[in-house]
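Please treat every number below as a calculation from the coordinates, not as lab data. Quick caveat, the model's predicted, so the values are computed rather than measured. With ideal geometry, Cβ positions are generated from the backbone for all residues, glycine too; neighbour counts draw on all protein chains shown.
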Amino acid sequence: MSEVTVRAFAAEDREAFLTLYRDCLVHYGVGPSMPEVEAEIIADLSAPRGLSASIAWHEGRANGFATWTRVYPAGDGIAIYLKELYVTAEARGFGAGKALMRDLAQTAEDSGAIRLEWGSFQPEALKFYEALGAPRAEKVHFSVPAKALHRFAK
């Protein structure tokens, strides 16, 4: 079996990324995607120092992605925050998730980040991260959905 490779998102990866993104939305039951949102995401991925993404490839096919950004303040430095890690159902078990996480850890190290962090509540994802040896942090994650933003802002 050939190895999984990971590389940073590039303009020529637009369609591969959007295919993965759409599959991710279906997987989480929040699809379909909206063209205007897709356009915003691609604009952010294409902007310097905006949202960043890495794509996992296996046998010439894109089969997973990680989206992340730099966050401040993070103590005395920057942190890398993983927003989404997704691997297609048919590609799970090939090592794409592990390759994406290793690549992200290397990116964090190369950029001088003081930590790499993310959140998850899904049991399978928690098992995956624990199997990688990631230590759990005792943080609570808050999320205000769009329909509640107006009330929350007042």
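Remarks
- Whether segment 5-153 is rounded, prolate or oblate, judged on the alpha carbon gyration tensor where a/c under 1.5 counts as rounded: rounded
- Couplings 3J(HN,Hα) of segment 50-65, computed from phi: x, 5, 10, 9, 10, 10, 8, 10, 9, 6, x, 10, 6, 9, x, 8 Hz, in residue order, whole Hz [Karplus 6.51 cos²θ - 1.76 cosθ + 1.60, θ = phi - 60°; x for Gly and Pro].
- Percentage relative contact order, the chain, counting C-alpha pairs under 8 Å, at least six apart: 19 percent
- Around the amide H of ARG115, modelled in the peptide plane, lie the amide H atoms of ILE80, all under 5 Å away and 5 or more residues distant in sequence or on another chain.
- Estimated from helical segments only, the mean residue ellipticity of the chain at 222 nm is -12000 deg cm²/dmol, where each DSSP H run of four or more residues counts as -39500 (n - 2.57).
- Centre separation in Å (Cα based) which lies between segment 112-135 and segment 1-43: 21 Å
- A simple spin-label model places pseudo-atoms 7 Å from Cα toward Cβ; at VAL26 and LYS83 they are separated by 2.3 nm.
- Once the Cα gyration tensor of segment 39-101 is diagonalised, semi-axes √(5λ) in Å: 25, 15, 8
- Residues in segment 137-153 carry Karplus couplings, in order, of 9, 8, 10, 10, 9, 10, 8, 9, x, 3, 5, 9, 4, 4, 5, 5, 6 Hz; the curve used is 6.51 cos²θ - 1.76 cosθ + 1.60 with θ = phi - 60°, and Gly or Pro positions show x.
- Cα-based Lys proximity count in the chain, under 23 Å, for pairs eight or more positions apart or on separate chains: 6
- If R0 is 25 Å, the Cβ-Cβ spacing of ALA43 and ASP110 corresponds to a FRET efficiency of close to 0.50.
- Sorting 53-60, 90-97, 109-116 by average packing, meaning the other beta carbons within 10 Å per residue, from highest down gives 53-60, 90-97, 109-116.
- Length available on full extension from HIS150 to ARG102: 0.36 nm per residue minus the Cα-Cα distance, which gives 13.4 nm.
- LYS139-GLU12 pseudo-label distance in nm [points 7 Å out on the Cα-to-Cβ vector]: 3.6 nm
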